[in-house]
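The next block holds one structure in the form of structure tokens; read it before the comments.
The values are calculated or read from the model by the stated rules, or taken from the named source; none is laboratory data. Predicted model, so just to flag it, every value in this text is computed and none were measured. Here the Cβ is made from the backbone with ideal geometry for all residues, glycine too, and neighbour counts use every protein chain on show.
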Amino acid sequence: MTTSLSSATLPVFTHMLSNLGHILARAQADAASRGFDTAVLFGYRLAPDMLPFSRQVQIACDAAKNGVARVSGLTAPKFDDTEATFDELRARIEQTVAWLATVPASALDGKEDQEVTFPVGKDATRTMKSGDYLKLWSLPNMYFHITMSYAILRHNGVPLGKRDYLVGAAAA
């Protein structure tokens, strides 16, 4: 049985971004219960050369929506990257997931061998076949930034577990 590009990517992007939204809700509730300003977390990074927490969440969304848009030819929603609260970050995730739900399977399926050129860093591009791009670049990129978001929150004492990362709201 052949796995279609849409079935290998769209449900995964949706599931993991939904889990990220759950993780952010848990972090927001934890901050409220411990009485600290959540703005402290938004600039937090695990290493000096690492992007801060808020940017990790933004890029996780971008990896999904831009990856799908580049292959499908559809226009992904654009965000200003100005989110400064958990509610705003969760709204970005929800908007990304909602957009992914509008992408028909036919927009991806059959385009596995089509070439896609995409930005890598600030000054370079890379070209890959669409199937490889989504499965070997976009999905891992999303996973990486969700994992970094999770790690930053755990490092700051948010009581998260592997179930929150893998199962999301169903873990609660």
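The table for this structure:
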| item | result |
| --- | --- |
| Unmet criterion (only one of (1) loosely packed, with under 15 Cβ neighbours inside 10 Å; (2) more than 26 Å from residue 24 (Cβ to Cβ); (3) of a type outside the set (A, V, I, L, M)) for residue 157 | (2) |
| Qualifying residues in region 41-81 (those that are within 19 Å of residue 119 (Cα to Cα) and of a type in the set (Gly, Ala, Ser)) - the one surrounded by the fewest Cβ atoms within 10 Å (Cβ to Cβ) | 73 |
| Condition broken by residue 169, with the remaining ones in (1) over 18 Å from residue 60 (Cβ atoms); (2) within 20 Å of the chain's Cα centre (by Cα); (3) hydrophobic (A, V, I, L, M, F, W, C) satisfied | (1) |
| Test: residue in region 119-127 that is closer than 21 Å to residue 151 by Cβ, modelled with pLDDT under 95, part of a loop (DSSP other than H, G, I, E, B) and out of contact with any Leu (no Cβ under 9 Å at 6 or more places or on another chain) | no |
| The one condition in (1) of a type outside the set (Lys, Arg); (2) under 17 Å from the mean Cα position of the chain (by Cα); (3) closer than 27 Å to residue 126 by Cβ that residue 3 fails to fulfil | (2) |
| Residue within region 33-56 that is among the acidic types (Asp, Glu), more than 18 Å from the chain's Cα centre (by Cα) and on the phi < 0 side of the Ramachandran plot present | yes |
| So residue 13, is it touching a helix residue (DSSP H, G or I) at 6+ places or on another chain (Cβ under 9 Å), part of a loop (DSSP other than H, G, I, E, B) and either free of Cβ contacts under 8 Å to residues at least 60 places away in the same chain or of a type outside the set (S, T, N, Q) (or both) | no |
| Condition check for residue 79: more than 22 Å from residue 157 (Cβ to Cβ), modelled with pLDDT of 95 or more and of a type in the set (Phe, Trp, Tyr) | yes |
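Residue by residue, here is whether (1) modelled with pLDDT of 95 or more; (2) in contact with a Leu (Cβ under 6 Å, 6 or more places away or on another chain); (3) among the hydrophobic types (A, V, I, L, M, F, W, C) holds:
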site: 21; (1), (2), (3): yes, no, no
site: 25; (1), (2), (3): yes, no, yes
site: 29; (1), (2), (3): yes, no, yes
site: 38; (1), (2), (3): no, no, no
site: 55; (1), (2), (3): yes, no, no
site: 74; (1), (2), (3): yes, no, yes
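Residues are listed down the side, and each one gets a yes or a no for (1) part of a helix (DSSP H, G or I); (2) among the polar types (S, T, N, Q); (3) over 23 Å from residue 4 (Cβ atoms); (4) free of Cβ contacts under 8 Å to residues at least 12 places away in the same chain:
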position: 27; (1), (2), (3), (4): yes, no, yes, no
position: 46; (1), (2), (3), (4): no, no, yes, no
position: 55; (1), (2), (3), (4): yes, no, yes, no
position: 74; (1), (2), (3), (4): no, no, no, no
position: 90; (1), (2), (3), (4): yes, no, yes, no
position: 96; (1), (2), (3), (4): yes, yes, no, no
position: 113; (1), (2), (3), (4): no, no, no, no
